[in-house]
Every structure is written in C-alpha cells, then in structure tokens.
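The structure appears below as structure tokens.
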Amino acid sequence: MLFQEGNIISNGNTIGSQGAAGSLTFSTTTTTATDVYGIHNFTSNAWTSNNNTVGGISATNLGASGTIQLIGMRAFTGSAATWSATGNTVGGNVGTSIQLNATGTASLVAGMFTSNAPAQLTSNTIRNLISNIGTGTSGGASVIGINITAATPNHTLSQNTISNLTNTNATAASVVTGIQFTGSTANTVERNFIYSLAVASNSATAEVNGIRVAGGTTVYRNNMIAIGAFIGNAIGAAASNGGTTGVNGINEFLGTNSFFHNSVYIGGSPSAGTGASFAFNGSQTVNTRSFRDNIFWNARSNAGATGSHYAIKINGTAPNPAGLTLNNNLYFANGTGAVFGFFNSLDVANIGAWRTAVGQDSGSFESNPQFVDPTNATPDLHLHPSNPTVAEGNGVDVGVLNDFDGQTRSGLTPVDIGADAGNFVGIDLAGPNITYTALGNTTQTTDRTLVVTLTDVSGVATGGLAPRIYYRKNADAYVSQACTLATGSVTNGTWNCPIGYAGVGGVVTTDLISYFVVAQDIAGNLTSNPAGAIATDVNTVGTPPASPNSYRIAPAFSGTIPVGSGQTYLSLTNAGGLFEALNNGVATGNIVVDITSDLLAETGTHPLNRITEEGVGNYTLSIRPIGAARAISGSFNGALIRFAGANRITVDGSVGGLGTDRSLTITNTSVTTPSVVLFGSIGTTPITDGTLRNTIITNGVNTSSAVVISDGTIVGNAGRFANIVIRNNEVRRAFVGVFATGGTTPQGGTNLTYEQNTINSAGADAIRIIGLYMQGVNGATVSQNTVGNIDKANDETDVGIWLASGTINATVSRNTISGIGYTGANGFAPVGINLTPGAASSNLVITGNRVSDISTNGGAQVRGIALSGASSDLPIEKNDVQGIINTNPGTFGAYGIDVSGGNNVLVSNNFVSNVSFNMSGGGAFSTQFGVFGIRIGAGTGHRIYNNSVNLSGALPGTANSALLSAAFCVVGTTSTGLDVRDNIFANNITGGTTSIAHVPVFLPSGGTAAMNLTWNNNAYFFGTDAARQGVGQAGTTAGTNFFTTLPALAAYSSILSGAGTNDNASQASTAAVPFISATDLHLQPGSPLSTAGVPLAGVTTDIDNETRSATTPSIGADELPVGILAITPSPVDFTNVVVGATSAAQAATLSNSGAAPLTISALSAASAPFAQVGGTCSALPITINPGSNCTITYTFSPAALGSASQTISVTSNGTGATSFDLTGIGAGGPVDQSDQLGLRSGHGGPVQCQSDRHAEQHG
C-alpha cells in the first residue's frame, strides 16, 4: 500500500499472509537500489496506522550488487507530522515470513521505519525478519525491528515485542538490532520486549543489539531484553573503550540518555571466536547519562570460544567520568569467560573494584537476580516469585511509576530493581535508604536539626545503633549525635538529626559545616548519605564520605552590588565571583547587581543556584548594566550564564534597567555545545519568575541553542518552569534561538512569554534551524517577534516559530517571519509557523502574523503556516502569508496555510498571495505536490471565512504536464462539515502544457451530501485560458471534473450538501482581480465586493481590525469602508397646495454617515406634479465626503384635487437609503361670497360659515 496524499488513517489492513512465507514475492536483477514496502506513507501529513498485518513477503535481487530495502511499514511523512501506530503485526508466524535474498551489501530488512516523523509506536509485534546480506551499521543495519532515525522530538516506543530477527550470512560484518533509535528531545522507549536476535557470521566487526542508541534525549525504562542464545560465534572484537561490536543487550553509542529499571539477559554458548559480549555497552564519554535500578546479567558461556562476557562496560579513563550517574543497579556475570565489567581499557573483577574504578555505584549489587526463565524460547525476565533476590526492595525511586506489566510500583514492594515489580522474597543486602533535603546556608549561629527519611526492608536499627549525624566545622574532626525517630516506623520513618554547635566550639560567619548521616539495619547493612563512609557500625566511622554535604554560616546580601573592574566582585561566574558568593550566602532583601565594566573573562564555573533566604523571603535579583553599554563574554562548554533553580531573576540589558535599549551583550565563545543563558529547574521544583530582556545574545556556534529553558541538570531535557519572560532581545548564532521544553503532558511549563525579540541575523550569526521553539507549555504568548534569515544550507526542516507537543493555551500574534529557506536538493522544506500541539483542546490563537519569503529547493512541501495533529477549535486569522515558493525542479508542493489536523478550526480574514513552484518536473496534478493558497488536508467542521487568496504569475521552470494549483483546496471527502463563505479565491497562475488546472478552488471527487458542505457567497477570479484556467477542479484526474463556469462548479458543490444550494450566491469572473496589488489584497475603492457578503458568526472585524458591516459585509479579508446614505426628511411632504398653484421649494438632504466617500451616480427624475428645481446635489455624479451632505430641492404643482406621491430612487456606491418619497395634497382655493350673503364684516349681522359641501360645489 502506498499513500501519497492526505491525512491518512489506515487501520485493519492485511498485506500478504501471517501463516505462509512467500505469499507476496518480488524479484529483480537490477543494479539500481530498490525499495519494497508492505505499507508506505509518502505524504507530508500525519498517519494513523493501527491493527494492520504485514507478512509473507519475499524480495530477491540476485543481480550484481543488487540492493533492496525491504520494509514492513514506513512513514516518510513530514517532520512535523506524527506517525501513530498501535497493534500492528509485521512478520507472520513462520520463521521466514519477511525474507530478503540479495547481493548488495547496503541491503536491509526493517519492520517499522521512519527517518523524519515523530513516532508513537505502541503494542506492535515485529517478528521473523530474515536476510542473507547487509553490512550496514546503525540505521543501515542489515535487520532491524524498529528503526527510528528521525532527528525530531517526542518519539514514544512502548510495549512493542520484537523477536526472531536473523542474518544468515556466515562471514559478513552483519548488524542485527531490535530497536535502532535516534531522536531529538523528549523521547521515551519503554516496556518493550526484545529477544531471539541472531547472526550466523563469524566476523570481528559484526554486532547484535537489543537496543542501539545513536542520539537524542531519551528515557529508556522497563524494557526486557534477552538475546545471545542463537548466536553460535563469539562475534565482534575484544572489549575496548569505544568498541561497539559483539553481542550487546543495550549499546549506548551516543545521546543524552536515562536508563531506568531495564532487565537485560545475555545467553548462549559460543563455540568459536574471540569477541566480547555485554549486557550493557556504553561507549560514549561526553553527554549526560544516568543508569539506575537496572539488572544487567551476562550468562554467556564459552564452549570453545575465548571471548570475555561482561555485565557492564562504561567508557572512561578516570573515576567519575563526565556526565555519568551510575548507581542502584544489579550486576551478574557467571559463565565461562565471565568478567564483571570493563572500564579504562581494563577488566574489572568485581563490584568492589568497580566502585573504585568508576568512582560511583556504591548502592549497586553483584548477585543473581533470579529471573523466572531467561533461557526459554520466549524468555521470562520477571523476578522469580519464591526465590530470594536482592532485586526485591533494594532499588531507589527515580520517578518510574509503573513496571513492565503496567503495574503501579508504589503499590508493590518499593523499590524493586529491574523491569519487573512485585511482592517477592527479598534478600536484605542493602543498608537503609537515607533521604533528606540538604540544609542551606544560614546567617544564624543557633543549633539546627536535619529531618531525615529512612526506609529499609528489615528495619533500621535503634538504641545504641540508631542512626547518627556526623558533622564538623571547617577542617576539624567530626563529632556525632544520635538521631531520634519522630514519626513512622523503623521500616519507613522520619528521624530528627540534631547539629549542636557546642560540640564544635560554636560557629561564626564564614564557618563551613560539613555533615553526613549513617544508618544501619537489623541485618547489619550500613549506608551513608552522601555515600562513601566506611564504618564498622554507626558509632565507628573510619572513613567519612569524600564529598559530605555542607553549608556555611553565611554573610547576608541585599541592596545594590557592583560587579566589575575595581569592585569587590570582578565576575559573575568565576571562582570568587558574585554567583559563588550568593550560592554561599543568604539573601535578606532584594538585590540589584550593577555591571560597572565589561566582563570579558567569564569562565561559567558557577551557576546561580536557588538563593537561600531569611526574613520575609521571595526576594528579587536584577542584573543590569550601569553607566554605559556593557559586554559579558567567556568560553564554557554549556550555558555561560546559568540560573539553576534560582527564582525571581531578571537580566535587564537597558542601562540602569530603565528603558528598552539593548545595551548588554552576552556571548559564549565556546564551540563545544555552548549556550548563553539557561533558566533550568532542579529536580521536580519549578524555576519561576525569570526574565531576560533588552540584551544581545550571541552563541559560539550554531549547533546548540542560545537561550534554553529546560531541566537544569540535563540541559534540553524537559524542565519545570513558570512565568519565564524572554523580551526584546536580539539572539544570534544558534541551533535554536530560544528553546523551551516542559515535556509533553502533563505540561511542565506554564506562562511562557516570547515577545519583541529579534532573531534574524544573517551570515555566520544566522540561526540554524528554529527561531523560537516551545513544547510542553500551558499558557504562552509569542508576540511581536521578528524571525528570519535562518541558515538555508543544512539538510533540516527550518521553522520560524514552532509550538510543539503539549503546548496549549497559547497565542501567536503580530510576529514577522521571513527569509527562511533550504537550498539543498533533499527532502526538506521550511515552515514559517509550525503548530503541532498534539492536544485536541489546544486553545491556540494564531493572529496578525506576517509570514513571507519561505522557500525550498528540496523535495518536500514548503508551508507558510502549518497545523497538524490533534488540535481543535482554534482560530488562524488576520495573517498575511506571501512568498511561499518551492524551486525544486522536481515539482514539489507549496502551501500558504495548511490545515492537516484537528477539527473546528476557524481560518478567517487572512491574506495569502504569491504561492508558487517550479513546474519543470511535472507530474504534480496532486493535492500533495500542487500549489495551494489555503489547503484543508484533514479534519472536520473547519470554517473558512472572509479570506483573500491571490495566486498569480507565470510558473518558473520548463513547461511540463500534469500541474495543479488552487487558491483553496479540500483534499478529501473525510473533511466533513466545512463552512466556506465570503472568501475571494483568485488564481491567475499560468504555465504548463497539458493536463493542467489552475483554478480558484479544488474539491475532492466522489463527494456526496455526507460531506455536509456549506459553500457560498465566495468570489472566484481566474484566467481566460480555458484549457488550463477554470473556476474549479474536482479530483486529481486531469481533464475530468474541470469546471470552466460557475454553474458547472455550483452543480458539483451542491451535490456535497443536502440543501443543494451551494454557490447560488457566489460570483465568478475572468476580469482583473479587485486587489490593490498582487500582494496587497486590500480591496480597491468602489469594488462591488464591498457589500456582497453575508454576516458570519465570529467574524466581526477584518484583517485590519476594522468593524465589519452587520448586514452587508465585504467579501474577503478586507472590509472596504463605504459611505452610508441617509436622506432627510423622508418623505418630503408639501402638505396642502391649492390646485393650480406651485408650492415653495422644499429640500431633501442627502447625508453620508459612513467612513468612506459616497458617490451619488443617479437620481430618478421627478415628474408632474413634482419638479426638481435645484439644490447642491443636482450635478451628478457627486461625491459626498464622510460627515457631509448635499441637497436637492423640489416643488409641488397639483393640477387636481387629492393626494399625490412619487418615489425618487437614488443610486450610490454605499449602503443605507436607496430612495425617498415626495408627497403632497391638491386642495381647493379660498371662496369669497360675503357680498352675496350680506356677511361682510361691518354690516352688523352675524357671520356664518358655509359648509364644506357648499364650498366644494363652488370650487
């Protein structure tokens, strides 16, 4: 199965057979590399693939150097598009289910593979993969169960079962690996079961690996690995510091890794060879790595071979290798040729010698872990329920909640070592577990009490052997006092351990108090915290720990502290600098640090830790330049300025902290994993209320991030933080300009602000891959930043702003992203704003951003704004997206706005223009490889309102066939419930030969009323080349469903709605587009579209935040201001006018109450008995400015008795009144008969009035 377009859901498919080999066969003799796939997703979108079965596939290439890649399932999707796969079975139940027979040494077989997609692979079964060839290593190994080589974050591999992977070549340097893993950050590999991996080779460079780690920041926990039983030769070379060959349960070559609670068993009886085997093989020396609570058992036993078989190997040349944490593990090596460990090019015989060699591991054990049945055909590495084992209850809690089976560890015997947890029979070989919060510095000279928690399987000793605290002043001898049980029991209790200063002769400021706690259990096992004490019992300590805990009777700090030349403190981070002083001191008030000179020799030696406080607390610390602009620089392999759990810290680069000038430059000149500023949390305690503003940040190289918000111990791992503000900084030369990670869910970060930063330096100071990045943040503001000029040369997916997994309740507004590109020819393309929150209710708001000049020469789709994965009910509005260009001559796609996930997304009031690609390759009549202004790739219920899209110009490149472009595109019929109204979709692109469609709109073919599509009141503009330019296209079959007229489009779009009335109020035209220019999509004044829309819920303003008409809004993103005509009075009433007479003139006043000039172009003529006699409106056309008016005067000359009226129609380019009335009454004249009736005044008789009837008879 091959997928090339759309957001794919492929569930429940059967490829081949699970019960027979060779049900699908492929054979060739070509010398060209060939790929064979069960299921291959080649789209750029998210992929869900559940409960599929792939098996019974045989691929053969016996040609000279014939190379085949045979892969069960592959996601070759976009690097921001998640691959979710659950319950799939790759490989049937016969041993040769997926079989490769080839001659090319680069051939490989893999069960599941991605080189770019963030992968969520859960509960899959990969089995019975076999190859005869292949000498590749790492991600190119000959046989791999799950192969992840994607340098993207947030991979999860969980509960997968991988078994029976085999290479049958007898001499090749073959590599067979269960899980090959490379990722970026925040990855988890857990609860996987890997067994029965084999090679037939005798090569000294062959490898078999349960898990092989090649990079990334990853937690490996609760995995079970049992291999070696079917490997007849001692493959690989003898042990060496950096060697990776041989049989390896876990092979850690690179990465920032944490290995917790894994169970590894190496078995088998090799009959020949000298190669070594390792339950754990660690060959790296640089990165941070931690090994806790693991079981590493190597039971491999020579039966003719002469190799050595190690429980563990760590690379290093001196105790405490850089970045290493090693403790609380269980080791066992017990076969012929068994050796405990290998370190510093030497065999290490036992755990005692091992602790001395590595300088760690005091809480680990050397003993048989008592697995249930590690040699079974399906090995069982659970702990034996009835055989006593030191693994039971002797581990430590490192935050792993569940075990291999999903059981909650806290509900069982805490804490069991290895992947399995339960209530088993334990052996108490461990002393009490001692934990406490270390005491901080203090200004006080009174006695203190350390509160300690002690747990032990058999119980802590009491009485004369009760726990004790040992302490001393400065370099004096230790004294001790007994601790007392305060709460709880001897198996789990809280103890008070007093430090009495009288015992050390009292204390004064600057005294250093060092201390440690010792405790023993009723079995006699003794431990100390810190580790390293050598004692007969708690009362007789011969050797204290080498590094006891300590605190100082410290000086107090508050107020203003100058740092610089001639000051008490000459540096921030150096020995003797301010950070060291503050770490050893106590804050008693707010602190202001004034940088009085350049600090050009910072060493980065000391971070600023959480400051001990006395008094009311919650003090602030501000760092600012004073007097003039200042520079801070130095070389440190890490973050030069590190805030390690320090709260309420502000670095303000304006002089005196009073403005917005960027007058503080901070530079790390190191070229080895440098960063400049780190806000890092320590443990599970968040770092809060940190601000970096008004600075210029320059990193040493562009291979690591400049500003980092993360864990403070393992930089780049998920941290915990709140209220961190990065504002008005210029960031230069970094892999990621500003990087923050709070994990995924639950989010470790809250209330993060990136605002008004400039990240657009060019040349050597350019950002390499991402301007602003965050993941695992609940509540974020990304506003008014300028991001651009990201390095274009590297094979990477560059992104301006990226809101990654677990980012919710965030607003991205008024940012400018430009100048992001890729000039290579491989499968990479940048994204302006990338939204991959992975949360259904992400509550993101994307508004008012300008995204331009986003280009690629690579074989992938370039996108301006992209949304993928689960994310619903969010607006993408009022953005201006232009210049989205794909120059690859292979004709790959370009999308202005791409919605390929979520539901109920509102896309409104956006400008999209100048989206294009190189047409030379042709073959792009496709919703993946085409050009689209707005593209709906997946999801339901989206509302597409009031957008203006303009595609125009000649396509570059050589004219070719099969090209598709559309201002608006709906990829598939599964996108139901769309509402598309009040948009301007214009496409005047030209270019191509045959099978071309350059159209305003694209709809999927085969749609029915089930799509429930609302589609109306849109304006379509297209070209006059009827062979290539039409109003619409349905489906990706060129020449079919190509609509050249609006009625033809309406006929099809109406099929997609039960009402059948779509497009009955839309417009279509081949006239010039109504915009100011090709990229300024404001409407031209007087456009007929200004009042042609319908009011839509949620769209009350336009792209410029101007209020829309509540009755006749404009179509498109721009609400064109119009004049509003009001006419007073209406009617113009002349009342009674005597027949035959002419009234006095009366005026109708025409006023403009709108925001734009109003042009009166026509008035209907007045006719008798009314006449227009003048006024200031009489010379038409006439323009009335806002707030102004003109008049028209009329007279009334009735020729008959009774009422008369007339309607005067007014034609204008505005809204409001369209007519007014003229009314009047013709009446009789006055009758004078006083002489006849003797009623004239002065005749003395009474005055009588004639009746109306009589008057009518006389008049």
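The values are calculated or read from the model by the stated rules, or taken from the named source; none is laboratory data. Computed from a predicted model, the values in this text were never measured in an experiment. Cβ atoms come from the backbone with ideal geometry, glycine included; neighbour counts cover every protein chain shown.
A few points about this structure:
- Of the strands (runs of 3 or more DSSP E) lying entirely inside the range 687-728, those containing at least 1 residues that are under 13 Å from Thr650 (Cβ atoms) are 691-693, 695-698, 721-727.
- Scanning the range 784-812 for residues that are within 17 Å of the chain's Cα centre (by Cα) and farther than 16 Å from Asp853 by Cα yields Glu796, Trp802, Leu803, Ala804, Ser805, Gly806, Thr807, Ile808, Asn809, Ala810, Thr811, Val812.
- From the list Gly806, Gly779, the lone residue that is crowded, with 24+ Cβ neighbours inside 10 Å and closer than 19 Å to Leu867 by Cα is Gly806.
- Taken over the range 729-746, residues that are crowded, with 24+ Cβ neighbours inside 10 Å and part of a loop (DSSP other than H, G, I, E, B) amount to 3.
- Looking at the range 546-615, the strands (runs of 3 or more DSSP E) lying wholly inside it that each contain 3 or more residues that are outside the structural domain of Thr698 (by TED's automatic domain parsing) and farther than 30 Å from Arg472 by Cβ sit at 556-563, 586-595, 599-602.
- Of the residues making up the range 814-873, those that are of a type in the set (S, T, N, Q) and either outside any strand (DSSP E or B) or without any contact (Cβ under 8 Å) to a residue 24 or more places away in the chain (or both) number 12.
- Identification of strands (runs of 3 or more DSSP E) wholly contained in the range 1116-1186 with 2 or more residues that are among the hydroxyl-bearing types (Ser, Thr, Tyr) and surrounded by fewer than 16 Cβ atoms within 10 Å (Cβ to Cβ) yields no element.
- Filter result for Thr462 (surrounded by fewer than 17 Cβ atoms within 10 Å (Cβ to Cβ) and in contact with a helix residue (DSSP H, G or I) (Cβ under 8 Å, 6 or more places away or on another chain)): no
- Qualifying position, being at pLDDT below 95, farther than 27 Å from Leu326 by Cα, in a loop (DSSP other than H, G, I, E, B) and touching a strand residue (DSSP E or B) at 6+ places or on another chain (Cβ under 8 Å), among Thr445, Thr510: Thr510
- When Tyr754, Tyr822 are screened for being farther than 19 Å from Arg662 by Cα, crowded, with 24+ Cβ neighbours inside 10 Å and hydroxyl-bearing (Ser, Thr, Tyr), only Tyr822 passes.
- Verdict on Gln18 being surrounded by 15 or more Cβ atoms within 10 Å (Cβ to Cβ), at negative phi, in a strand (DSSP E or B) and touching a residue at least 12 places away in the same chain (Cβ under 8 Å): no
- Qualifying residue in the range 105-124 (condition: surrounded by 24 or more Cβ atoms within 10 Å (Cβ to Cβ), polar (S, T, N, Q), in contact with an Asp or Glu (Cβ under 9 Å, 6 or more places away or on another chain) and assigned to a loop (DSSP other than H, G, I, E, B)): no
- The range 848-898, residues that are within 16 Å of Gly933 (Cα to Cα) and among the acidic types (Asp, Glu): Asp853, Glu877, Asp880, Asp898
- Elements of type strands (runs of 3 or more DSSP E) in the range 324-368, at least 1 residues being free of Cβ contacts under 8 Å to residues at least 12 places away in the same chain: 346-348
- Checked against (1) farther than 23 Å from Gly1023 by Cα; (2) of a type in the set (A, V, I, L, M, F, W, C); (3) modelled with pLDDT of 95 or more, Ala1048 passes all but condition (1).
- Within the range 448-484, the residues that satisfy the criterion of being more than 19 Å from Ile534 (Cα to Cα), without any contact (Cβ under 8 Å) to a residue 60 or more places away in the chain and in a strand (DSSP E or B) are Arg448, Thr449, Val451, Thr453, Thr455, Lys473, Thr484.
- Hits in the range 412-435 (condition: of a type outside the set (Gly, Ala, Ser) and on the phi > 0 side of the Ramachandran plot): none
- Where strands (runs of 3 or more DSSP E) sit wholly within the range 888-990, those with at least 2 residues that are surrounded by 22 or more Cβ atoms within 10 Å (Cβ to Cβ) and aromatic (Phe, Trp, Tyr) occupy 911-917.
- Cβ pairs under 7 Å, 6+ apart, first in the range 901-912 and at pLDDT below 95, second outside any loop (DSSP other than H, G, I, E, B) and surrounded by 24 or more Cβ atoms within 10 Å (Cβ to Cβ): Gly901/Leu867; Gly901/Ser868; Gly901/Ala938; Gly902/Leu867
- In the range 238-261, the residues that are farther than 25 Å from Ala150 by Cβ, outside any strand (DSSP E or B) and in contact with a strand residue (DSSP E or B) (Cβ under 7 Å, 6 or more places away or on another chain): Ala239, Thr245, His261
- Reported count of residues in the range 116-145, each being closer than 27 Å to Gly838 by Cα and at pLDDT 90 or above, is 9.
- The range 485-503: number of residues that are among the hydroxyl-bearing types (Ser, Thr, Tyr), in a strand (DSSP E or B) and under 45 Å from the mean Cα position of the chain (by Cα): 1
- Check on Ala214, surrounded by fewer than 24 Cβ atoms within 10 Å (Cβ to Cβ), in the same structural domain as Gln99 (by TED's automatic domain parsing) and assigned to a strand (DSSP E or B): yes
- Among residues of the range 486-504, those that are touching a strand residue (DSSP E or B) at 6+ places or on another chain (Cβ under 7 Å), of a type outside the set (S, T, N, Q) and surrounded by fewer than 15 Cβ atoms within 10 Å (Cβ to Cβ), counted: 3
- Residue in the range 538-573 that is surrounded by the most Cβ atoms within 10 Å (Cβ to Cβ), counting only those that are out of contact with any Gly (no Cβ under 8 Å at 6 or more places or on another chain) and within 17 Å of Ala482 (Cβ to Cβ): Val538
- Residues (out of contact with any Asp or Glu (no Cβ under 8 Å at 6 or more places or on another chain) and within 12 Å of Thr698 (Cα to Cα)) located in the range 761-781: Ala764, Asp765
- When Gly1058 is tested against (1) modelled with pLDDT under 95; (2) part of a helix (DSSP H, G or I), just one condition goes unmet, and that condition is (2).
- Residues that are hydrophobic (A, V, I, L, M, F, W, C) and assigned to a strand (DSSP E or B) within the range 396-439 comprise just one, Ile434.
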